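Undergrad: Please see the structure below; I have some questions.
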Amino acid sequence: MSKGGGGKIFTPTNQIRLTNIAVVRMKKGGKRFEIACYKNKVQSWRQKIEKDIDEVLQSETVFTNVSKGQVAKKEELIKCFSSEDQKKICLEILEKGELQVSDKERHANQEASLKEVASIVSDKCINPETQTPYTVSMIESAMKDIHFSLNPKRNNKQQALDVIKQLAGVIPIQRAQMKVRMTIPGKEAKKLKEKVITMVSVESESFDPDLNIVGFIDPGHFRTIEEILSGQSKGRAKIEVLSLKNVTDTGDVALT
C-alpha cells in the first residue's frame, strides 16, 4: 500500500481484502482464478439447500489470489472465460472449482456430516427383528464396517437413504414410522402438546377429558417424547405404540 496526498493510506484498486472466507479455486487457460464465499455455504449451494447466491458469495468479484486481495484483470477474464460478467464467472467457478480447506478442517467437516447422517438413519429406521430403533453410535459403527464414504454432491438426507440401502445387506434394518397414542391430562395438555407436537404427524385428536393424540413419529423420537411427557407430568402423561408403518424408498407405505 502507498500514501497519497494528505498522508491518507489507500489500497490499490486491484486489491480487495476479505476475512473469514471459504475460497473456491479453478484453473482455466493456464491461469488460476478464485472466488470468496461464506464458510459452510459452498456445499449447501452445491447440494441445492441454499438457493440465494448472495448468501454464498462474499463478493461478486473474480480474484487471482483471494488471500492477497488480487483481483483478476478484465482482459484475463475475456481471454479465459470469453466474458467479463463477474457474476456469471463466479457461478462457473462455484460450480466447477475446488473448495480450499485444510486437512484438519476437512476431517472435522466429514466427521460432523457422518454423525448427522447416522443420526438421520437412527431417527428413520428400526431393527425389524426387535422392533426397536438403532442408536446413533450403532449406526456409526455399522457405517465404518461397510466403509461408507460421503458424496459431497448429495445432501445428508439423501446420503442417509444411501446408507440405509447399503446397511440392508449387512444388518436387519428398515425405514419405519411408529403409530402412537399420547394421553395427556387436561391441565397439562396445552403446555406438553407444544413441546412434542413438532415431532408428530397427527392423525386424530380428542378431549375426553384428557387430551388424546394419535399420530406417526420417527422411531428415534419415541424416547424423547416419552421423557418429556413422563418427566414433566410426574408420570401422568404417557405414550404408547399402536403399530409400525414400513416406508419404502418411493415413499409408499405398508402397515405392519
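The values are calculated or read from the model by the stated rules, or taken from the named source; none is laboratory data. From a predicted model like this one, the values you see are computed outputs, not experimental measurements. Backbone-built Cβ (ideal geometry, glycine too); neighbour counts: all protein chains shown. Surface accessibility is based on the protein's heavy atoms, side chains included, excluding ligands, DNA and RNA. Shrake-Rupley method; radii C 1.70, N 1.55, O 1.52, S 1.80 Å.
Undergrad: Take the residues in region 29-83 that are of a type in the set (Lys, Arg) and more than 16 Å from the chain's Cα centre (by Cα), then tell me which one is most open to solvent (accessible area, probe 1.4 Å).
TA: Among those that are of a type in the set (Lys, Arg) and more than 16 Å from the chain's Cα centre (by Cα), it is Lys79.
Undergrad: Can you find even one residue in region 138-148 that is open to solvent by 60 Å² or more (accessible area, probe 1.4 Å), touching a Ser or Thr at 6+ places or on another chain (Cβ under 7 Å), closer than 21 Å to Ile217 by Cα and free of Cβ contacts under 8 Å to residues at least 40 places away in the same chain?
TA: no
Undergrad: What single numbered condition from (1) open to solvent by 30 Å² or more (accessible area, probe 1.4 Å); (2) part of a strand (DSSP E or B) fails to hold for Ile126?
TA: (1)
Undergrad: Can you pull out the strands (runs of 3 or more DSSP E) entirely within region 146-256 that have at least 3 residues that are of a type outside the set (Val, Ile, Thr), more than 18 Å from Lys124 (Cβ to Cβ) and modelled with pLDDT of 90 or more?
TA: The strands (runs of 3 or more DSSP E) meeting that bar are 201-207.
Undergrad: Same structure, new question: Taking region 95-117 on its own, how many of its residues are surrounded by 11 or more Cβ atoms within 10 Å (Cβ to Cβ), at pLDDT 90 or above and farther than 15 Å from Asn65 by Cα?
TA: Qualifying residue count for the region: 5.
Undergrad: Test each condition in (1) assigned to a helix (DSSP H, G or I); (2) more than 25 Å from Asn40 (Cα to Cα) for Ile120 and report the one that comes out false.
TA: (2)
Undergrad: Can you name the residue in region 191-240 that is over 16 Å from Ala176 (Cβ atoms) and polar (S, T, N, Q) and, of all such residues, is least open to solvent (accessible area, probe 1.4 Å)?
TA: In this case the residue turns out to be Ser233.
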